[in-house]
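Written below as structure tokens is the structure these notes are about.
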């Protein structure tokens with residue numbers, strides 16, 4: 001969920017470790033005005049104050065206004081980013097959470113994940129492991145030729161155990177990289193408003209649909225009853241005219257299009 005202007009301004013001030021009084025002194029904007037810009041009932045911010053704060057924090061005005069998530073690189077050339085057409089289309093499609101994708105790529109362990117993945121994809125690790133396995137095989141063959149131990153011999157069993165399955169080993173390393181990053185991201189968003197919803201809208205919708213289902217029931221009654229339940233309205237007490245308008249309004253509801261809320265900020 002995109003941050004509001006108020007949230008962006010407050011986050012930047014906190015990031016800089018400033019009180020409203022200190023910010024007022026350094027920007028020459030009034031404390032009352034700065035406080036109003038961060039308030040829940042925020043209404044407007046002057047063009048002068050917007051530019052002043054953007055310059056002070058070193059961010060773009062578009063970032064403060066919520067028009068972009070990019071603080072410092074508003075005009076980055078796509079050619080410099082070396083993104084493929086498929087990647088650009090994916091980022092524009094809305095099929096993935098771009099903000100979470102950015103957090104993943106910005107994680108300090110992400111370069112290690114990419115290095116391990118590159119080694120696996122390019123087959124570098126396979127060749128190295130095969131070389132190590134060849135040494136183990138040569139030693140095993142020498143022991144078998146000179147001493148002819150049984151397959152239960154402890155030393156021979158150790159050599160057999162030292163034989164590495166390169167594919168399984170590489171995938172294990174990559175999985176460990178991903179697990180560490182995923183745990184850190186989850187911890188960072190533990191207090192987000194929608195990370196652990198108190199209720200399950202989809203479960204509630206199915207429950208209401210089951211309650212409203214009958215042989216002669218209106219097929220549109222279940223979603224309308226669901227909307228009413230979420231708004232704490234008694235569907236049965238609505239007039240025919242009110243139900244008519246509710247149907248029109250319900251068709252525009254994102255709640256029915258996507259009952260599962262997205263991850264958001266507290």
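List of remarks:
- Order by protection proxy (mean Cβ within 10 Å, highest first), peptides 96-102, 29-35: 29-35, 96-102
- Note on segment 5-64: along the principal axes its Cα atoms extend 24, 22, 19 Å, ordered by decreasing extent.
- Distance between segment 25-56 and segment 96-137 - C-alpha centres, whole angstrom: 46
Only the coordinates and a few stated rules stand behind these numbers; no lab work does. Just so we're clear, the structure is a prediction, and the values are computed from it rather than from any experiment. Counting neighbours? That spans all protein chains shown, and the Cβs are built from the backbone with ideal geometry, glycine included.
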